[in-house]
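Notes follow the structure.
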Amino acid sequence: MTQVHSRSAIPSIPTASPEARQRIAAALEATGLTPSTLRQAQGEREEIFLTENALLVLEKRYLLRDPDGKVIETPDQLFRRVARAIAEVDRLYEPKADPSADPSQAQGFGSGQAVAAVEEEFYQAMARLEFLPNSPTLMNAGTGAGTLSACFVLPLEDSMADIMKTASDIAMVQKFGGGTGVPLSSLRQKGAPISTTHGKACGPIAVLKHLSSVSTMITQGGKRDGANMAVMSIHHPDIEEFITCKHEEGTIHNYNISVGATEEFMKAVEKGGALELRSPGTGTVVKAVDARDVFQRIVAGAWRNGEPGMVFLDTMNRTQPTPHIGLIEATNPCGEQPLLPYESCNLGSINLATVLRDATEGAEVDWEKLRRLVWLAVHLAVHFLDNVIDANRYSVPEIERMTKLTRKIGLGVMGFADMLVRLGIPYDSEEGLEVGRAVMRFIQEEADAASRELAKARGPFPGFKGSRIEQRGEPPIRNACRLTVAPTGTISMIAGCSSGIEPIFALCFRKHNILEGQTLYYVDSAFEAVARAESFYTEELTGYLAEGRSFQKRTDAPQWARDVFVTAPDISPEY
């Protein structure tokens, strides 16, 4: 067991009403869903404690198959495969003679015994569903094929050769399991003259459609559809066409689109001023349009079908750690990871639903368990994710160079809404916000400390000199970025918890079983336990909720239960 060193003070967090905590605790205890009984069940089973849905997801996408398509791997073997492949990277490094380095981290580093111990800790953290890496790592680690990272950004310059190279790079990245982001801002506007051919430019939307057609041919790692993000500066002359380019469904496949907003634009919206549209390359003002009108078009598109989103370029570049290397112009497909051109980032998430303990008044945050989990899943995850960078197989040489220059990793969380429910704290409350602040502050401090310790043994990221981190006088650090809160769409299904930091989407939904012709109801386990214990669980209630109707309108349930079991449609955008 890796030694745990205390650094962060134990945060103080608000508590829920005693009634809510006690009643939820009693209901969960009656059905064996308390933290202690779940851990006990986990320890007594020969196999990993996985839900039926988790097993289906693993079988469909993650477990290895033979040439005939037959599954030849168990979930336990999957976690062991991943743990062994990532731990083997330790053999590449030897401890540096640094008297201030933590001896528990350095002694035997790279030896067979040390590698075996690291493998076991990686395995245990995953098998207990306390920490899971992003899907490409689970799918590909130890197979000798595919990327282990999820997030990529590729440059897109204004020439036919560059456009074709980017299309090829996107195809290779997606073939091996990654998702890509591309900036369109450097492409000259539609109709602009081309001196070499005396023709006119087709414009960035036509290029985007070409890239989309390439992506349509590819499935990520042969297991899921390719995913992309296209970003265009708000000042591009074709921005109005870009805002509406996905109004007609099906014209652009596998691409999210986002407007790259600037502070200049937002101030013009606020004051009612003009937005200058400028030609890429020359910066010449092509025309000026009403900023509020453009903003309203963005809002209307987002309301219509979720497109476009917005990314705030000035904020990203003002806070990014390595401006001396380049500017950030795009993000990964889900938008949580801004990256420099050719950078990639691998992600992993802690399951916050596993860091609770039983108390006299109900569940509470087990800070010592979180500290241990921080070591096994934050410190270990930093170690794990840093190893992934070296274990990776890179489809494009430029990606390997840039990734190893900054060594960015993205450690996040999942199960936040589940944790709040078990604490009896409403998601849409000031207490809920404070729990989030306290937990993430704790994780941030520990993740930074872990990356600094790793820098003592392995050295800082090569781009450290000249970075904002160095300029602030901070100690060397192994990874230019450490944290990312990702959606955790499928790994949260494997862990059997709520996704990312999102609220519970639905307390009950129904699924039609095609083979047997039955309609099956799937009910949130904690909600079902409480509803049965409080005697308001009925068949009518599950049908009511499965139709998408609000639990908040039920008068047959106590108010404290309605406060705690709030779902996404009931929560205001502010919360």
Express in whole angstrom the spacing between the alpha-carbon centres of segment 270-345 and segment 405-479. 26 Å
For CYS151, the residues 5 or more places away or on another chain with a placed amide H closer than 5 Å to its own amide H are GLY179, CYS345
Approximate spin-label separation LYS287-ASP66, in nm, with each point projected 7 Å along Cα-to-Cβ: 6.5 nm
Sorting ARG468, ARG422 on solvent-accessible surface, 1.4 Å probe, most exposed first, gives ARG468, ARG422
ASP428: accessible area at probe 1.4 Å, nearest 10 Å²? 50 Å²
Take GLU368, GLU453, GLU73 and sort them by solvent-accessible surface of the protein heavy atoms, 1.4 Å probe, largest at the top. GLU368, GLU453, GLU73
With every protein chain left in place, what is the accessible area of SER535 in Å² (1.4 Å probe, nearest 10)? 100 Å²
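Give the ranking of PHE312, PHE416 by solvent-accessible surface, highest area first, calculated with a 1.4 Å probe.
PHE312, PHE416
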Amide H partners (placed H, <5 Å) of VAL413, local residues excluded: ILE350, ALA486
Just the accessible area for VAL286, please: 1.4 Å probe, Å², rounded to the nearest 10? 80 Å²
FRET efficiency for GLU263 and SER195, using Cβ-Cβ distance with R0 set to 25 Å, rounded to 0.05: 0.15
Quick one: give the max-minus-min coordinate of the C-alpha atoms of segment 238-279 along each principal axis, largest first, in Å. 36, 18, 16
Cα extents of segment 379-501 along the three principal axes, largest first (Å): 46, 36, 21
Computed ³J(HN,Hα) along segment 85-93: with the Karplus parameters 6.51/-1.76/1.60, θ = phi - 60°, integer Hz and x for glycine or proline, the list is 5, 6, 5, 4, 4, 4, 5, 6, 10
Quick calc: nm separation of the 7 Å Cα→Cβ label points for ASN317 and SER525 -> 4.8 nm
Averaged across orientations, what area in nm² does the convex hull of the alpha carbons in segment 154-210 project? 3.8 nm²
Rg over Rh [alpha-carbon atoms, Kirkwood Rh] for segment 145-269: 0.99
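The values are calculated or read from the model by the stated rules, or taken from the named source; none is laboratory data. Keep in mind it's a predicted model, so treat the numbers as computed, not measured. Ideal geometry is used to build each Cβ from the backbone, glycine not excepted, and the neighbour counts take in all protein chains shown. Each accessible area value is taken on the protein alone, full model and side chains, heavy atoms only, with ligands, DNA and RNA left out. Shrake-Rupley method; radii C 1.70, N 1.55, O 1.52, S 1.80 Å.
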